[in-house]
Amino acid sequence: MTYLKFDKTLLTNLERSLTKEMIRTNRAGAYNSTTLIDCNTRKYHGQLVIPIPELDDSNHVLLSSLDETVIQHGAEFNLGLHKYSGNNFSPNGHKYIRQFDCEVASRTTYRVGGVILMKERLLSTFEPRVLIKYTLIEAHSPTTLRFKPFLAFRSVNELTHENGMANTSCQAVPQGIKMCLYAGYPELYMQFSKRNTYHHHPDWYHNIEYYKEQERGYDFREDLLVPGYFEMPIKKGETIIFSAGISATPPRSLHKMWDEEIAHRIHRSNMYNCLVNAAEQFYQRINNKQYLLAGYPWFTTRARDEFIALPGCTFIIGKPEAFHRSMDTAIPEIRTFLEEGRTDLQLRGLDNPDVLLWFVRAIQQYAQYASMEDAAQRYGKVVGEIIEFIRKNKHPNLFLHDNGLLYVDGKERPATWMNAMEDGKPITPRTGYVVEINALWYNALKFASELAATGGGQHTANLYDYQAETAKSSFVQMFWNGTYLYDFVDGNYSDQEVRPNMIFAVGLPYSPLDRAQQKSVLDITTRELLTPKGLRTLSPKSGSYRPIYIGGQLERDRNYHNGPVWTWTIGTYVEAYLKLYKHSGVSFIERFTNGLESEMTELCVGTLSELYDGNPPFKGHGGMSFAMNVAEVLRVLNMLKKETENDNK
């Protein structure tokens, strides 16, 4: 039985099928994304969306969609679907869909009378090229296929409209054409594995709408250029492959290219495999460097997101080499920041106060996976450089005070991951002594002490350990309120909101709290923040609780970290739970993961969205696929596996 399979009852119901999306990437920044019924509902959707660094740092939609038409006895059956003004859908090709599944490649099966046509698609690894494979399963009379490309040539952040600047001419290439609508863009090569006839008749299709953008309060209507159409006959049992890329390819190689790509695809046959597949799709290779994208479709490389997500997206899924490649890329940029203060680097946000501490945490997880000796040899030096950088108060917004704690200024610029802004100011101005920053600091000092001792630097190890003990004593005095931890403390103000940030003081390997305090923090987190999708960002008991992520940009920003669930914090929550309850807590955590498995067939299938509403039914929102969420749930599954293995020994 196919794990990700959808039947015609769901697919022909637009109210349901338009909410379900898919995304596949080439592991180098390009992607293919649309809804399960091939009706684009976001300006970010497209058959081929690629980064063009020569233009800017955003992705660009080249090929928005490709409409197919089945022709028999002169009768035309168009399989495409677009939304136009007035809530009009045309040409309603979804009514011919009988099944969609995406265990390996996304696969749609159409039935038009006696014709059964199967469409599959994937992206070439590390190359900006989409391959779409058509197989005629059944036909009782001569059949012709017509293909009509819809071109955008625009940034994902913009929309296009009919204009006189577009170059609507084309040039013939082997079994296809190439076009470039605007200067600065690469040429788009559209080719088939089979000889075909191309009819050039440029025409603009007006007022195509994207309702997801309309919901978000953005412009949502655009015009797309259809340059003409391709036609070719197809016989029962025959397969035709369409390629769209920014370079030509020999048409005869397309079948081999397809077979080679399919051979190393992960079968998404369960939640774990789905998330492994999603994790690998965040990889972004730029020349010989490797980064981790924060998510899709609009995210770039962000240092905090990368360091939090890296363990779960690499060695946790058996890919330590990917961890090392990413670290080999990140460390020179970190050193550039440490030595020169530069932030104009590919890894965005290296100067955010908590980022270097998340980096150390990623190294600590690698040490747990490999060995302390391996971690010390590979990464001990850079960890020591970071600790000294912080200890000597060289960071522009991370100040080590005499009490051993770190102080940040978050009044004018967000200092933590809760970073939504309004009128240039933080909506959640966490400032002063921030709970997770100081929990990470204490943990980093203890880990750095271990690394130093392992590398033979006992004097340094003792120094870091002494520093850690000072921080530990001050941490409890600063944050403990008798029941849980203040979220931040600034002067005489202690923020009493119940937020998930305090769980890091429990779940990290080194906790400044005693066991009773840890249990008390875990208990209130469980009672007030835990949902089937993860931890809420704010307790429902708060007067500031805004659990639903809806409305225009400003309303959504105000809600962003004040109630909705951010799934990634569940990784540290599970660490805390298993630390305190050990194997007896496994069944509880397993029940929780069931709530996440249902997300594999919701929204963007086979992955996890950016955030979820804080109230039932905990609907997903934001980015279609979010690296930190995917990575931390993979860590949860790995922790459960280890507990089960230990129990069976």
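A Förster distance of 35 Å, applied to the separation of the beta-carbon atoms of I524 and D423, puts the FRET efficiency at 0.60. Between T343 and E138, the FRET efficiency from the beta-carbon distance, with R0 = 51 Å, is close to 0.30. Using every pair of separate Cα atoms, the Kirkwood estimate puts the hydrodynamic radius of the range 68-133 at 13.5 angstrom.
So what is Rg over Rh here for the range 1-153, counting just Cα atoms and using Kirkwood for Rh?
0.97
Given their separation in residues at 0.36 nm each and the Cα-Cα distance between them, Y369 and T644 gain 97.3 nm when the chain is fully extended. Taking Cα atoms only, the orientation of helix 372-391 departs from the longest principal axis of the chain by about 70 degrees.
State the three equivalent ellipsoid semi-axes of the chain, derived from the C-alpha gyration tensor as the square roots of 5 times its eigenvalues, in descending order and whole Å.
Equivalent ellipsoid semi-axes, largest first: 48, 25, 24 Å.
Where does the charge balance sit around F150 when Lys and Arg score +1, Asp and Glu -1, over other residues with C-beta under 15 Å from its C-beta? Result for the local shell: -1. Length available on full extension from R16 to Q477: 0.36 nm per residue minus the Cα-Cα distance, which gives 160.7 nm. When each of the peptides 508-521, 453-466 is scored by the mean number of other C-beta atoms lying within 10 Å of its residues, the order from highest to lowest reads 508-521, 453-466.
The alpha-carbon atoms of the range 146-197 define a convex hull whose volume equals 108 cubic angstrom per residue. Our analysis of the range 428-569 gives Rg over Rh at 1.05, with the two radii drawn from alpha carbon positions and Rh computed by the Kirkwood formula.
Set the Cα radius of gyration of the range 595-637 against 2.2 N^0.38 Å, with N its number of residues, and you get 1.06. The alpha carbon convex hull volume per residue for the range 306-346 rounds to 59 Å³. Among the listed pairs K5/K212; K43/K533; K20/K119; K212/K619; K319/K642, which are separated by more than 21 Å between their Cα atoms? Exceeds cut-off: K5/K212; K43/K533.
Based on the convex hull around the alpha carbon atoms, the range 1-56 presents an average projected area of 5.0 nm². Where only DSSP H runs of four or more residues are counted, the chain gives -10500 deg cm²/dmol as its mean residue ellipticity at 222 nm, each run worth -39500 (n - 2.57). For the range 108-248, the spread of Cα coordinates along the three principal axes comes to 46, 36, 33 Å, biggest extent given first. The range 268-414 gives an Rg/Rh value of 0.99, both radii derived from C-alpha positions and Rh following Kirkwood.
Compared with the dominant principal axis of the Cα atoms in the chain, helix 586-597 is inclined by about 30°.
Other residues within the sphere of radius under 11 Å centred on the Cβ of T431, judged by their own Cβ, net out at -2 (K and R +1, D and E -1).
Work out, step by step, the length gained on full extension between N393 and I266: first 0.36 nm times the residue separation, then minus their alpha carbon distance; give nm to one decimal.
41.1 nm
Counting only alpha carbon atoms, the long axis of helix 320-340 and the longest principal axis of the chain meet at about 60°. Once the dipole of the chain is set up with Lys and Arg at +1 and Asp and Glu at -1 on Cβ about the Cα centre, which of G380, Y493, I246 lies farthest towards its positive end? Checking the options against the dipole of the chain, the answer is I246. Any idea what log10 I(q)/I(0) is at q = 0.10, 0.20 Å⁻¹ for the range 184-316, Debye with uniform C-alpha scatterers and no solvent? Log10 I(q)/I(0), no solvent term: -0.60, -1.20.
Given R0 = 35 Å, the distance between the Cβ atoms of W204 and D57 translates into a calculated FRET efficiency of 0.75.
Coordinate-derived values only; no laboratory data. Not measured: the values here are computed from a predicted model. Cβ coordinates were reconstructed from backbone atoms using ideal geometry, including for glycine residues, and neighbour counts include every protein chain displayed.
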